[in-house]
Amino acid sequence: MFISLLILVSLIGCFAPFVARNPQTAWYVSLGWSTMVFALGTYLGASVLVSGTAMSAGLWRIDGVAAVLVLLISFMQWTAILSSRSYLDHELRAGIIDEAQARRYLACIPLFVGVMLSASVADNLGVQWIALEATTLLVALYARPGSLEAAWKYLILCSTGIALGLGGVMVAFYAGEMAGITEGLAAMSWAALVRSAPVLSAPLMKIAFVLVLVGYGTKAGLVPMHTWLPDAHSSAPSPVSGLLSGVLLPVALVAILRFKALADVSLGDGAWSGAILIVFGMLSVALAAAFVLVQTDYKRLLAYSSIEHMGIVALSFGIGGIAAAAGLVHMVGHALAKSALFFGAGDIVVRFHSTKFDRVADVARVLPKTAVLFSAGLLLLLAVPPSPLFLSELIIVSRGLSAHPYATGVLLVSLTLVATGFVRLLMPMLYGTLRASGEQETPAGEVHTLSHAGIMLHLIVLLALGVFVWSEAGSALFISIASQVS
Amino acid sequence: MPDIILFLAAAMVASAFVLASRMRLITFVATFRTLSVFLALYAISLAFLVGDTALFVSAFLIIALKVLLVPAILLRTAKRANVSERLSSYVRASSAGFLAALSIIVAYAAAYVLPFRGATYAIVGASVSLVLIGFLLLITRKDLVGQGGGFLTLESGIFTFGLALTHGMPLLVEIGIVFDVLVGSILMLALLTRAQHEHASVDTDHLRHLTG
């Protein structure tokens, strides 16, 4: 009941911007609406986590992992709306978008959030597929003039991927039917499939897992299906980029993990699916590290780093056990840090009108507040303690070294490369004073805006999470949640 | 499995094979239309055979979308914008035909190995053939029309695959799938129109600034 209400409220939010007279008021209405989604989502997610029992209603089911995703989504859609204010103000003032487009922008976010929420709380694999497919279409709506290439690449790659994912869902459905769950929709229920997983045909579940891994892996940005990701993330408006990296990728990855759980029970252990995840994770981490080193555009840099982090999460679930719990922490920590950085990047784009490193310098003087917050977010993303990513990477590496030394070696080298690349590229941008001669000085100074508040909230939550996972209660919570999907 | 089902599956594979080597816009779209007609007939026959009325909905939507709407809009866009008659591809027509034939052989070999005991071997093979030929088009074609056609062929293959395995998914899921395909096709057409508008061409050679 409450779950359907949450999704419904979020979806109805798409009408909110149209009741107001001008885009400024529309933003207030949207913010009010998204606060409601935030409150409802937090209540639902927290109540499941506190009680420790899954909440299910019809097609929906919130277990521990889904609760974490619901909390993440409801928090981040709220901060994304917060930081949309300065983006919209700027674009409207500069005449880049008109009022109708501003309203459409505000209307698409609740729709996107609604389908994201339904993808994460769907118990029915078919419904989950529909929701994931719907995100493909919604993201394509954000295509702006000039980003035709990104839109086309995205649409073709993700549609193809998601079609293969549908094949995987069908095979799982078929396996369910073969195992005797014949009542239509029930044969696609994840909870029902998990219960009968021991008798599901192992070869069928292998096929289903591979198809879903390739299919949803396209969405999750796993290499080699990642090629749309840097384009889409860098050409979308920054608050949306934050949502894409922070929400869409984890949701798609969790959908893969749900199939992994099914395949593992049916196969007897997690060795087979784990090995596949490790290969994809390793590829993602290594390739992203190489591309991070040579980026010329800071939004693309952040996008490649998202691929790297999704690779780390895939790797950690491949290793399994306590590393899977660390993977979950990593997923949450990355989502919070990366979206904070994208929000910050949005402020930088607004001032410098460019996402290229060679056009942006001395951010610390021009935008002192953003620079400080951006640097803090950067350090937390690079897993400097007390970042939760520090603990997660530490555990993944220490578990991985004994179980899969080569993969962990690749991970360590890649982590070093990424850190080097980030420092090499972002520090001159933030603190360097190099400027091409004759270029006009960008006016310095900024006022405190809502997007700063949004970033700050992200950093505070991130730090709190960092402290929480060190505590006994925190680690126990994440271990018990991770055991539900691994 | 009745002969009509097998015949229609074979007809789909044959039209996909022909589609792979069509290099003119008009014949490409016409062949795609033929493929979709066979797909719709397939769904209708299956609906009669297993008595699943939900399949009529699917068949109706296939006719509306893949037989009528998408091809018609493609042709209209092309005519209005004076697109060149020839589609562009990385491989010549004859090589594309050879690759398509190879895909069909691989598909049937794969279907033989795959553990779908309850499904008809010939139909699983046909569906995998459609998927592979769809991939072939996606990889070898350079223009948006060819790639879009490739995606829709692949999607038809997945749909056939689902029918072969399960004789129809639950209605709710089926409606969702069809709806998504609908919106996807519309978006692709919108992009196609915009590409024509911006570059006066639907060739993806104009779309390669974003690399690395």
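Compute the FRET efficiency between A:S4 and A:V50 as 1/(1 + (r/R0)^6), taking r as their Cβ-Cβ distance and R0 = 22 Å, and round to the nearest 0.05. Don't skip to the end; give the middle numbers.
Values: r = 21 Å, r/R0 = 0.96.
Efficiency, from the Cβ-Cβ distance: 0.55.
Report ³J(HN,Hα) in whole Hz for each residue of region A:191-204, in order, from the Karplus equation J = 6.51 cos²θ - 1.76 cosθ + 1.60 where θ = phi - 60°; Gly and Pro get x.
Computed from phi, the couplings for region A:191-204 are 4, 5, 5, 4, 4, 9, 4, x, 9, 5, 5, 5, x, 5 Hz.
Quick one: which of A:K219/A:K338; A:K153/B:K79; A:K153/A:K206; A:K299/A:K338; A:K153/B:K142; A:K260/A:K338 span more than 20 angstrom between C-alpha atoms?
In this structure, A:K153/B:K79; A:K153/A:K206; A:K260/A:K338 exceed 20 Å between Cα atoms.
Taking amide hydrogens as modeled 1.01 Å from N in the peptide plane, which residues meet the under 5 Å criterion relative to B:D143, leaving out close sequence neighbours?
It is B:S88, B:T204, by chain and number.
How large is the dipole of region A:20-122 about the Cα centre if only Lys and Arg carry +1 and Asp and Glu carry -1, each at its Cβ, rounded to the nearest 20 debye?
Values: 6 positive and 5 negative charges, 22 e Å.
That gives a dipole near 100 debye.
Taking the Cα centre of the protein assembly as shown as origin, sum charge times position over the Cβ atoms of Lys and Arg (+1) and Asp and Glu (-1), and report the length of that vector in debye to the nearest 20.
Numbers: 38 positive and 33 negative charges, 203 e Å.
Charge dipole, the protein assembly as shown, about its Cα centre: 980 debye, nearest 20.
For region B:31-138, run through the chymotrypsin sites (Phe, Trp or Tyr not before Pro) and keep only the ones in DSSP coil with at most 16 other Cβ atoms within 10 Å of their Cβ.
Details: sites: B:F32, B:F38, B:Y42, B:F48, B:F56, B:F60, B:Y90, B:F98, B:Y108, B:Y112, B:F116, B:Y121, B:F135; in loops: B:Y90, B:F116.
The qualifying sites are B:Y90.
How large is ³J(HN,Hα) for each residue in region A:321-331, as worked out from phi by the Karplus curve 6.51 cos²θ - 1.76 cosθ + 1.60 (θ = phi - 60°), to whole Hz, x for Gly and Pro?
In residue order, the calculated couplings are x, 6, 5, 5, 4, 4, x, 5, 4, 4, 4 Hz.
Between A:V413 and B:A101, what is the label-point separation in nm under the 7 Å Cα-to-beta-carbon projection?
The answer from the label model is 4.5 nm.
Roughly how large, in nm² to one decimal, is the mean projection of the convex hull of the alpha-carbon atoms in the protein assembly as shown? Write out the running numbers ahead of the final one.
Working: hull surface 115.8 nm².
The directionally averaged projection comes out at 29.0 nm².
What do you get for the angle between helix A:450-470 and the principal long axis of chain A? Use alpha-carbon atoms, 0 to 90 degrees, nearest ten.
40 degrees
Take the Cβ-Cβ distance between B:F7 and B:Y112 as r, set R0 to 22 Å, and report the resulting FRET efficiency rounded to the nearest 0.05. Mind showing how you got there, number by number?
On the way: r = 21 Å, r/R0 = 0.93.
With R0 = 22 Å, the Cβ-Cβ based efficiency is 0.60.
Can you list the HN-Hα couplings for region A:82-90, worked out from phi with the Karplus curve (6.51, -1.76, 1.60; θ = phi - 60°), rounded to whole Hz and with x for Gly and Pro?
4, 7, 5, 4, 6, 4, 5, 3, 5
Quick one: which residues, 5 or more positions from B:R24 or on another chain, have an amide H under 5 Å from its amide H? H modelled 1.01 Å from N in the peptide plane, none for Pro or chain starts.
Placed amide hydrogens put B:L87 under 5 Å from B:R24.
Would you mind checking which residues have amide H under 5 Å from A:D297's amide H? H placed 1.01 Å from N; only 5 or more apart, or other chain.
Under 5 Å from the amide H of A:D297 lie the amide H atoms of A:F357, each far enough along the sequence or on another chain.
If you take the charge dipole of chain A about its Cα centre, with +1 on Lys and Arg Cβ and -1 on Asp and Glu Cβ, which of A:L463, A:A324, A:T218 is farthest toward its positive end?
So the residue furthest toward the plus end is A:L463.
Once you mark the GluC sites (Glu not before Pro) that are in a DSSP loop and have at most 11 other Cβ atoms within 10 Å, what is the longest gap between them in chain A?
Longest run free of exposed loop sites: A:184-438.
Note down the magnitude of the dipole of region A:205-346 about its Cα centre, charges +1 on Lys and Arg C-beta and -1 on Asp and Glu C-beta and zero elsewhere, to the nearest 20 debye.
140 debye
Less than 18 Å from a label point 7 Å out along the Cα-to-Cβ axis of A:W470: which backbone N atoms in region A:394-416 qualify, by residue?
Flagged as within label range: A:394-396.
Please name which of A:Y154, A:A345, A:V50 has its Cα lying farthest along the dipole of chain A towards the positive end, using unit charges on Cβ (Lys, Arg +1; Asp, Glu -1) and the Cα centre as origin.
Final value for the positive-end residue is A:A345.
Along Cα→Cβ, 7 Å out, is where each label goes; now give me the distance between the ones at B:Y90 and A:F18 in nm to one decimal.
Inter-label distance under the simple model: 4.3 nm.
Values in this text are rule-based calculations from the coordinates and carry no lab data. Since this is a predicted model, take the numbers as computed values, not measurements. Counting neighbours? That spans all protein chains shown, and the Cβs are built from the backbone with ideal geometry, glycine included.
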